[in-house]
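Beneath this line is the structure, given in structure tokens, with notes to follow.
Laboratory data are not the source of any read-out in this text; all were calculated from the coordinates shown. As the structure is a prediction and not an experimental result, all values here were calculated from the model. Note that we place each Cβ from the backbone using ideal geometry, even for glycine, and neighbour counts take in every protein chain shown.
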Amino acid sequence: MITLNPNGVYLLDGKTIASEGPLGKDEARENTITYQILRKHDVNGSKGKNLNIRFDAMVSHDITYVGIIQTARASGLEKFPLPYAMTNCHNSLCAVGGTINEDDHVFGLSAAKKYGGIYVPANQAVIHQYAREALTACGNMILGSDSHTRYGSLGNMGVGEGGGELVKQLLENTWDINAPEVVLVWLEGKPRRGIGPHDVAISLVKAVFESGFVKNKVLEFAGPGVDNLPIDFRNGIDVMTTETTCLSSIWITDEEVKKYFEMHNRPEAYKKLEPGKVTYYDAMITIDLSKQESMIALPYHPSNAVSIHELQENPEKVLKAIEEDTRKRFGEKVHPDLMSKIRGGKVYADQGIIAGCSGGTYDNLSEAATILKGKSIGNDYFTMSAYPQSTPVYLATTRNHIAEELLEAGVVIKPAFCGPCFGAGDVPSNNGLSIRHTTRNFPNREGSKPGQGQISMVALMDARSIAATAANGGCITAATDIEYEDTHKPYQFDGRIYEKRIYNGFGKAMPEEPLRYGPNIKDWPVMPAMQENMLLELAAVIHDPVTTTDELIPSGETSSYRSNPLKLSEFALSRRVPEYVGRSKRIQEDDRSRRAGQLTEDLKKALAVAGTSAESTSFGSCVFANKPGDGSAREQAASCQKVLGGDANICYEYATKRYRSNCINWGIVPFTIGKETPFEYEVGDYVFVPGIREAILGGKEEIEARVITRDGRSTPIRLYFQNLTADERQILADGCLMNYYKNRK
């Protein structure tokens with residue numbers, strides 16, 4: 001169904017794939033839709049290898065926009081220079097944490113008024129649906145502080161980054177990247193009845209994630225199969241490209257896209273996008289939609305996927321492997337029991353959820369309602385909830401009897417909210433198995449707390465198969481196995497709710513408007529500049545294949561403290577290395593003592609072995625992980641380390657560019673080591689990096705350092721810090737992005 005071709009290919013006249021073409025590769029790559037858009041947004045206006053991008057619009061939600069505005073304000077922000085929409089779809093449960101979530105919302109509205117922004121109140125829309133409906137335009141680029149910022153199916157390149165990159169845009173600076181490779185995703189055929197966008201997306205992630213086939217590259221979708229996909233189907237595939245670790249995505253545009261913009265009263269946003277007559281791609285993925293199976297992505301990653309038929313043919317083998325993986329991850333604190341989900345040789349789920357930017361589309365809800373019409377989810381343990389992704393979508397489901405049919409079947413319908421995507425809504429019971437049409441099923445994304453003996457698990461499935469499962473008493477069922485025909489009316493957008501509730505202040509900044517602060521909204525603490533030398537103490541050593549941002553800073557109830565850097569930092573690595581916070585605080589306190597002229601005995605010994613002085617050498621904590629940063633774009637995964645005194649990370653590679661960028665913007669040096677270098681050191685060992693400031697500012701990309709073990713042994717280690725721009729080097733030397741801007745006022 002999916003084939004990967006690692007070799008470059010030419011696309012001729014948009015129809016023919018060839019191994020050779022009449023133009024050189026570099027010249028023909030410029031004819032991709034990707035480069036047509038990137039070059040338009042490059043302020044340099046050249047065709048070089050380095051791109052300095054300015055975006056057309058930006059989006060954030062309510063666990064990121066407070067920190068972004070606070071950082072930008074401290075760096076000299078006067079007004080928003082581009083449309084900036086702040087949605088309230090993550091901290092919408094205002095019963096959690098007292099007043100603090102609604103305090104953030106009030107702050108957001110006051111910031112929109114003061115600086116000229118767009119404010120979308122709670123439960124009006126999830127972030128990416130609002131962007132699709134109101135901000136996208138063919139040929140444009142949108143930057144979002146959420147990793148699933150993907151609007152390529154509407155002809156608009158979307159990029160998810162940490163808050164620091166949004167701050168740069170607010171201060172009219174640029175997003176700086178190396179010119180990326182482009183991968184052609186060639187769609188053929190037509191999906192069968194019962195196949196939905198999540199089935200295709202899960203298969204795509206399975207095919208490319210582990211090998212890194214598309215890491216930091218742009219996916220460009222084309223081919224005859226595009227014509228066979230409605231817009232909601234395309235959006236559902238596109239938003240999940242984040243899980244492939246690609247940089248961004250873009251699709252050819254056609255009459256379906258044109259109709260979309262006309263329906264949303266923005267016909268001027270449409271433009272036909274297509275590759276040039278001779279176009280070169282660095283690799284190719286072919287997807288035959290007609291052969292797609294109903295899929296299930298098992299815990300704990302969207303790439304851990306099999307077809308539903310495969311699962312039901314051999315459930316014991318599949319579920320035992322998940323139990324073993326769970327015990328390996330969390331040890332004896334949890335007692336997974338997935339074998340109890342097998343009844344009569346089939347696997348049963350406890351919960352079904354359709355939600356968020358990937359799941360809560362009109363088409364998904366329409367087909368789910370069709371499958372469940374006249375049926376019941378039952379009055380046993382199985383439960384089901386559906387979250388339309390915006391009020392216009394919700395309104396259309398009520399007008400066209402979709403909500404009625406879901407409610408009659410026993411489905412609970414809830415307002416637009418991203419909670420089930422990150423563990424802040426519909427948390428399953430202990431040992432519960434939830435099937436969800438949401439974006440991720442990483443460990444703890446469902447809200448359980450393994451450190452407290454709780455464990456529940458999420459598997460990703462398409463809304464159609466979730467509905468088929470619900471109609472079958474919770475027995476996991478492929479939607480391709482049932483007969484149905486969706487006769488609901490097509491979606492019609494009604495934007496009157498938005499006109500009545502959304503504050504659109506772009507271009508109408510009111511500088512005299514005060515920012516409204518709640519008691520939980522705190523300024524960033526002072527962060528010192530880099531010193532001549534660096535001494536690091538290892539506060540966490542993680543040898544897992546991948547460490548996600550959800551492990552670096554858990555989601556769920558911690559979201560309430562996103563506006564309070566000190567409070568939030570208490571949760572850093574809490575579900576993976578619970579001792580990390582205490583260790584980091586002790587290291588930070590030892591550094592404060594160093595700055596006051598008092599050294600602990602351990603620090604004295606380490607400095608003596610290093611042969612350096614306390615006055616010229618900073619002291620901070622460090623995390624080693626094999627491959628950190630997969631998942632969310634939220635900058636707090638890095639800022640919490642910095643708030644706790646983190647000065648550097650060491651790894652073999654960073655899972656995503658966005659996490660690495662977050663580290664840089666918070667003054668954390670993103671060291672790597674050679675893949676042939678064994679990292680056999682332990683928590684409490686030191687890493688001494690002499691001359692690091694000079695090396696960073698001098699343009700070097702590697703440095704000789706030493707590991708000093710607790711027993712005083714000294715071992716050489718080579719650290720790399722490659723592919724840093726001149727600005728990024730200065731940010732690291734200054735200590736963080738805020739310091740960088742303060743020093744240039």
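Work out, step by step, the length gained on full extension between Glu702 and Glu316: first 0.36 nm times the residue separation, then minus their alpha carbon distance; give nm to one decimal. It would help to have the intermediate numbers written out before the result.
On the way: separation 386, 0.36 × 386 = 138.96 nm, distance 4.88 nm.
Gain in length upon complete extension: 134.1 nm.
Rule-of-thumb check for segment 594-745: C-alpha Rg over 2.2 N^0.38 Å? Display every interim value, and only then the final one.
Numbers: Rg = 15.3 Å, N = 152, 2.2 N^0.38 = 14.8 Å.
Against the empirical 2.2 N^0.38 Å value, I get 1.03 for segment 594-745.
Run through segment 137-230 and list the GluC sites (Glu not before Pro) located in a DSSP loop whose Cβ has at most 14 other Cβ atoms within 10 Å. Could you put the intermediate results ahead of the total?
Values: sites: Glu161, Glu165, Glu172, Glu181, Glu188, Glu210, Glu220; in loops: Glu161, Glu172, Glu181, Glu210.
Counting only loop positions with at most 14 other Cβ atoms within 10 Å, the GluC sites (Glu not before Pro) in segment 137-230 are Glu172, Glu210.
Would you mind checking the pairs Lys49/Lys627; Lys15/Lys272; Lys15/Lys627; Lys317/Lys657 and listing those with alpha carbons more than 28 angstrom apart?
Working: Lys49/Lys627 26 Å; Lys15/Lys272 16 Å; Lys15/Lys627 39 Å; Lys317/Lys657 36 Å.
Flagged as over cut-off: Lys15/Lys627; Lys317/Lys657.
Could you give the length gained on full extension between Asn265 and Ser429, defined as 0.36 nm per residue of separation minus the Cα-Cα distance, in nm?
Working: separation 164, 0.36 × 164 = 59.04 nm, distance 4.38 nm.
Gain on extension, Asn265 to Ser429, equals 54.7 nm.
Can you order the peptides 398-406, 480-488 by their average number of other Cβ atoms within 10 Å per residue, highest first?
Numbers: 398-406: 19.0, 480-488: 13.7.
My ranking of the peptides, most packed first, is 398-406, 480-488.
Cross-link partners among lysines for Lys522, C-alpha distance below 23 Å, same-chain residues fewer than 8 apart left out?
Lys79, Lys113, Lys114, Lys168, Lys567, Lys585, Lys642, Lys742, Lys745
So, by mean Cβ neighbours within 10 angstrom, what's the order for 623-629, 387-393 with the highest one leading?
Details: 623-629: 24.4, 387-393: 28.6.
The peptides rank, most packed first, as 387-393, 623-629.
When Rg is the radius of gyration of the Cα atoms in segment 410-487 and Rh is its Kirkwood radius, what does Rg/Rh come to? Don't skip to the answer; put the middle values down first.
Numbers: Rg = 13.8 Å, Rh = 13.6 Å.
On the Cα set of segment 410-487, Rg over Rh gives 1.01.
Students often forget the sequence filter, so: which aspartates and glutamates lie under 15 Å Cα-Cα from Lys604 once same-chain residues fewer than 8 apart are removed?
Counting by Cα, and skipping residues close in sequence, Lys604 has these aspartates and glutamates nearby: Glu537, Glu589, Asp590, Asp591, Glu615, Asp685, Asp711.
Using the Cα gyration tensor of segment 697-745, with a ≥ b ≥ c the square roots of its eigenvalues, what is the shape: rounded (a/c below 1.5), prolate (a/b larger than b/c) or oblate (neither)?
Since a/c reaches 1.5 but b/c is at least a/b, the shape of segment 697-745 is classed as oblate.
Could you state the principal axis extents of the C-alpha atoms in segment 6-101, from the largest down, to the nearest angstrom?
Cα spread of segment 6-101 along its principal axes, largest to smallest: 64, 31, 21 Å.
Starting from the Cα gyration tensor of segment 328-457, take the square roots of the eigenvalues, sort them a ≥ b ≥ c, and report rounded, prolate or oblate (rounded when a/c is under 1.5, otherwise prolate if a/b is larger than b/c, else oblate). Walk me through the numbers before you get to the answer.
Numbers: a/c = 2.86, a/b = 1.63, b/c = 1.75.
Here segment 328-457 falls in the oblate category.
Checking the a/c ratio against 1.5 first, then a/b against b/c, what shape does the Cα gyration tensor give for segment 647-697?
Oblate is the answer for segment 647-697, as a/c is 1.5 or above yet b/c matches or exceeds a/b.
I'd like the FRET efficiency for His543 and Arg39, computed as 1/(1 + (r/R0)^6) with the beta carbon distance as r and R0 of 51 Å, rounded to 0.05. Don't jump to the answer; show the numbers that get you there.
Values: r = 42 Å, r/R0 = 0.82.
It comes out at approximately 0.75.
Students often forget the sequence filter, so: which aspartates and glutamates lie under 17 Å Cα-Cα from Lys25 once same-chain residues fewer than 8 apart are removed?
Hits, sequence-local ones excluded: Asp13, Glu181, Glu220, Asp282.
Can you work out D for the chain in µm² s⁻¹ from Stokes-Einstein, where Rh is the Kirkwood radius over C-alpha pairs, the temperature is 10 °C and the viscosity is 1.306 mPa s? Provide the component values of the computation, followed by the final result.
Values: Rh = 26.4 Å.
Answer, rounded: 60 µm²/s.
Can you give the Kirkwood hydrodynamic radius of segment 131-285 from its Cα pairs, in Å with one decimal?
On the way: mean 1/r = 0.0624 Å⁻¹.
The answer is 16.0 Å.
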